[in-house]
Amino acid sequence: AGGYTQPTPIQQRAIPAILNGDDVLGRAQTGTGKTAAFSLPVLQRIDIAVRESSQKKRRAPKALVLAPTRELAAQVAESFRTYGVKKRLRTTVVFGGVGLGPQKHKLTRGTEILVATPGRLLDLAEQRSVNLGEIEILVIDEADRMLDMGFIRDIRKILALLPKRRQNLLFSATFSKEIRKLADSILFKPAVVEIEKRNNPARAVKQCVYRVEQAKKRSLLTHLLEAESCWQTLVFTRTKHGANRLSRQLVKSGIAADAIHGDRSQGARTRALKNFKDGKVQVMVATDIASRGIDIDSLPMVINYEMPNTPEDYVHRIGRTGRAGMTGRAVSLVSEQEVKLLRSVEKLQKKKIETRRNPLAA
């Protein structure tokens, strides 16, 4: 019904292992079908467990999915609901930035699958609003981002609240020493599923660089947006303030733009994301953290208005395009001060990125 005809490589390898009850350590870039790789088999296993249960009242969650950001949590929960539409399983999502009351109310009605950000889950657990004592499957999604955002202590606290016997699934875009250490402490004889070479950006993305003075970046960005006639473009800045300022400047230039970052209310972020997906907004200016929930299969282009501080974040950024078998483009505007950051990305990829002539240069 979802239009899938062939499993992606990670689905092909992870689904049988999860159905078999094995722990799984999965590494795959964003856009490889990772969410379906764990949500489809989790739904099947939980459905069987619930039907075989002698309990008439199904209240406590049986599967817990931890996600680093509100947007990603909402996206994962939506996937569970979509794939489980024919099952009598309830999915509840909880995250910060909104009131506790409605989330508590949903949990009292019972749920089989709980998707949560770590901080809000701990808030609810401390208030005894959620029972984690019946969790049979734990999924930690985007574990590398969890560590980057400092959630490791929260994750350890959550692990202490879960039953000792459970199935554990950990997914990450990169396998750093820290991720390996976390995996070793959680997983038991895991099936290791690695898709694509280590730290290699999606091959479906064509990358290029324009060298430009910082003060002239906005003019070049506007020129590129108009010249490319791209109906959807994701533009990255390093800071929330920079995202706000740039989106306002683009609107003044006649380009339909909006910003998404951590300081905006959840309602504003949800509306901005919907408008972008629906094509009402042509350009979404985002910070790295907020971009995690922007999951659009046919996003044609990503522009790095400012280079990220780490090459791994560059990999995450450009992974927003070139998804689901489509090709994509990643354009970086690099000032003299950012050349070192560019070289770090090239070192990680083990290849130089094509530098194109700046069309606005004298």
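The values are calculated or read from the model by the stated rules, or taken from the named source; none is laboratory data. Owing to the predicted nature of the structure, the values given are computational and were not obtained by experimental measurement. Please note: Cβ atoms are built from the backbone with ideal geometry, for glycine as well, and neighbour counts cover all protein chains shown. What goes into the accessible areas is simple: the full protein's heavy atoms, side chains included, and nothing from ligands, DNA or RNA. Shrake-Rupley method; radii C 1.70, N 1.55, O 1.52, S 1.80 Å.
Open to solvent by 30 Å² or more (accessible area, probe 1.4 Å) and on the phi > 0 side of the Ramachandran plot: is that true of residue 128 in this structure? Answer is yes for this residue. Taking each residue of the range 169-182 that is open to solvent by less than 10 Å² (accessible area, probe 1.4 Å) and looking for partners that are of a type in the set (Phe, Trp, Tyr) with beta-carbon atoms closer than 9 Å, six or more apart or interchain, yields 169/38; 171/38.
State all residues of the range 269-284 that are more than 23 Å from residue 238 (Cβ to Cβ) and either touching a residue at least 24 places away in the same chain (Cβ under 8 Å) or in a strand (DSSP E or B) (or both); if no residue qualifies, say none.
270, 279, 280 - these are the residues of the range 269-284 that are more than 23 Å from residue 238 (Cβ to Cβ) and either touching a residue at least 24 places away in the same chain (Cβ under 8 Å) or in a strand (DSSP E or B) (or both).
All conditions but one from (1) surrounded by fewer than 17 Cβ atoms within 10 Å (Cβ to Cβ); (2) closer than 24 Å to residue 219 by Cβ apply to residue 351; the one that does not is (2).
Could you please let me know if residue 69 is surrounded by 20 or more Cβ atoms within 10 Å (Cβ to Cβ), at pLDDT 90 or above and of a type in the set (S, T, N, Q)? For residue 69, the condition - surrounded by 20 or more Cβ atoms within 10 Å (Cβ to Cβ), at pLDDT 90 or above and of a type in the set (S, T, N, Q) - is not met. A count restricted to the range 231-258 and to residues that are more than 23 Å from the chain's Cα centre (by Cα), of a type in the set (A, V, I, L, M, F, W, C) and surrounded by fewer than 17 Cβ atoms within 10 Å (Cβ to Cβ) stands at 2. Looking only at residues of the range 82-100 that are basic (Lys, Arg) and farther than 9 Å from residue 113 by Cβ, we find that the one that is most open to solvent (accessible area, probe 1.4 Å) is 88.
Looking only at residues in the range 23-65 that are within 23 Å of residue 9 (Cα to Cα), open to solvent by less than 20 Å² (accessible area, probe 1.4 Å) and not in a helix (DSSP H, G or I), the one that is modelled with the lowest pLDDT is 29. Just one of 113, 152 is open to solvent by less than 20 Å² (accessible area, probe 1.4 Å) and either acidic (Asp, Glu) or within 23 Å of the chain's Cα centre (by Cα) (or both); which is it? Result of the check over 113, 152: 113.
When residue 260 is tested against (1) modelled with pLDDT of 85 or more; (2) over 21 Å from residue 328 (Cβ atoms), exactly one condition is not met: (2).
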